[in-house]
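Only one structure is covered here, and it is reproduced in the block below.
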Amino acid sequence: MGIFNVTVPTEPTLTWARFFRQALGLAIVMMSSLGCYLLVLKWRGGAAHFRTHMAWDEWIPFEPAWVWAYLLPYLIGPVALGLVRPATFRWYITRGLVIVALSLLIFTVVPTQIDPRPSDHGLGTGLTAKVYEQMVAIDEPPANAAPSLHVSLTFLLGLALYRDFPRWWPVILLAVVLVWMATLFTRQHHLLDVLTGVGLACTVAMLWPRDRTPSSGGGKDNE
């Protein structure tokens, strides 16, 4: 499929200036998107009448210590995207902004919630417990469930990295899957949220108009 097409990098060698510019650019976009997400959450989250929990979710263990894996995109996303070609950076940002806009529209029109999380996380009073408690407190009410924006953007980030570093696909795939598992283990999302999040990212990536403009290397960066 088109979303897995890989073009041979032909752009100038990575410089520190470009790395920091792209990393900072993604960080700004991420924080801005998070702000919009929380605004919709506080506005429409309480109006949710549909919970995305299914019977299959009962088979998934509650492991709040996976909060670190859940936060992985925030920690390494800007660094990872700072390493890609400018064309791939633009590829991710443009499609990512559309995914954010569509997700926020869905959250506004059809607000959804997850089931209540267990009251006892069993993490004690250490750093992991504090990070988990803070995450849950920020994400109240537990709405904006489906599609999972966290999953959508993580999947898109994986596709972006695969474009430039196809030989690293096992590491990229492992990292993406770990984040998806963490969304379930921490009870941030249910299976339906993850599936719809992946579906939204795939749809945007596949339906994006193909760019027929020749790249700097004479090829076509059309994905």
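Worth pointing out:
- The residues on offer are V131, V204, V110, V171, and the sole one that is among the β-branched types (V, I, T), surrounded by fewer than 22 Cβ atoms within 10 Å (Cβ to Cβ) and within 18 Å of R51 (Cα to Cα) is V110.
- In summary, helices (runs of 4 or more DSSP H) completely within the range 110-206 and bearing 3 or more residues that are farther than 21 Å from A80 by Cβ and of a type outside the set (F, W, Y) occur at 127-138.
- Matching residues in the range 33-53 - criterion: being within 19 Å of the chain's Cα centre (by Cα) and either surrounded by fewer than 17 Cβ atoms within 10 Å (Cβ to Cβ) or among the aromatic types (F, W, Y) (or both): L34, G35, C36, Y37, L38, L39
- Looking at V194, V204, just one residue is modelled with pLDDT of 95 or more and under 20 Å from Y74 (Cβ atoms), and that residue is V194.
- Residue under evaluation S216, criteria (1) modelled with pLDDT of 95 or more; (2) of a type in the set (S, T, N, Q); (3) not in a helix (DSSP H, G or I), criterion not met: (1)
- A Cβ distance below 7 Å, combined with a sequence gap of six or more or placement on separate chains, defines the contacts here; from the range 104-124, residues that are aliphatic (A, V, I, L, M) reach residues that are assigned to a loop (DSSP other than H, G, I, E, B) in the pairs I106/P147; I114/T52; I114/H53; I114/P142; I114/A145; I114/R187; I114/H189; I114/H190.
The values are calculated or read from the model by the stated rules, or taken from the named source; none is laboratory data. Since the structure is predicted, the reported quantities are computational estimates derived from the model, not experimental observations. Please note: Cβ atoms are built from the backbone with ideal geometry, for glycine as well, and neighbour counts cover all protein chains shown.
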